[in-house]
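The structure appears below as structure tokens.
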Amino acid sequence: MPTCAECGRESPDEFGFCPACGAPLSARPVRQVRKVVTLLFCDLTGSTAIGERTDPEALRALMNRYYDAARVVLERHGGTVEKFIGDAVMAVFGIPTSSEDDALRATRAAVELREVVHGLGLEVRIGVNTGTVVAGEGGTLVTGDAVNVAARLEQ
């Protein structure tokens, strides 16, 4: 039975709201999984200068082409795009399922991604790192020092 986070009352499973106080009943907590993954960070170089000399609509179109190209390349190599952060892309290899060649696939994706982005007239820096993270089961949000190291390697 779910317990209301507001008043502490237990409610039947089929209830979406607490019968005592009306607060929404949250879903069951997601189980956390500890696993080894490979992370890839990709960041455009010179994006501030590009933004300064490019019309906002043209910049948006260029960034969308970059994001689309990055997603296609990363997913083709078995990566999962966790997020786009400004002009950066973060992908995880090994979520939801780990493979013995996650690091190799991430490295191959990095090489192809660099070439594809260059074809758009852009340059990137890419960092790849393998390490232990904690992720929500079935989700892609990962936490751990391995993420920080991948970001530092990209810089």
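Bear in mind these aren't lab numbers, they're just calculated from the coordinates by the rules spelled out. In this text the structure is predicted, and so the values were computed from the model without any measurement. For neighbour counting, all protein chains shown are included, and Cβ atoms are generated from backbone atoms with ideal geometry for every residue, glycine included.
General observations
- Projected label distance in nm at Lys35 and Arg65, using a 7 Å step from Cα toward the beta-carbon: 3.5 nm
- Span from the the stretch 66-141 Cα centroid across to the the stretch 2-17 one, whole angstrom: 39 Å
- Between helix 102-119 and the chain there is an angle of about 50 degrees, using the helix long axis and the longest principal axis of the Cα atoms.
- Take the Kirkwood radius over Cα pairs of the stretch 1-145, plug it into Stokes-Einstein at 37 °C and 0.692 mPa s, and you get 186 µm²/s for translational diffusion.
- Lys/Arg +1, Asp/Glu -1 at C-beta; the stretch 99-155 dipole; positive extreme among Ala150, Val117, Thr130: Val117
- Karplus-derived HN-Hα couplings along the stretch 72-85 (A = 6.51, B = -1.76, C = 1.60, θ = phi - 60°), whole Hz, x at Gly and Pro: 4, 5, 5, 6, 4, 8, x, x, 10, 6, 7, 6, 10, 10
- Think of the stretch 1-142 as having a plus end and a minus end, set by charges on the Cβ of Lys, Arg, Asp and Glu; of Leu25, Gly51, Ser98, Ser98 sits farthest toward the positive end of this dipole.
- For the chain, the Cβ-based charge dipole about the Cα centre amounts to some 180 debye (Lys, Arg positive; Asp, Glu negative; other atoms uncharged).
- In this structure, the amide hydrogen of Val142, modeled 1.01 Å from its nitrogen in the peptide plane, lies closer than 5 angstrom to no residue at least 5 positions away or on a different chain.
- Sites Val111 and Phe84 - FRET efficiency at Förster radius 22 Å, r taken between beta-carbons, to 0.05: 0.60
- Helix 145-154 axis, angle to the chain major axis (alpha carbon atoms, nearest 10°): 20 degrees
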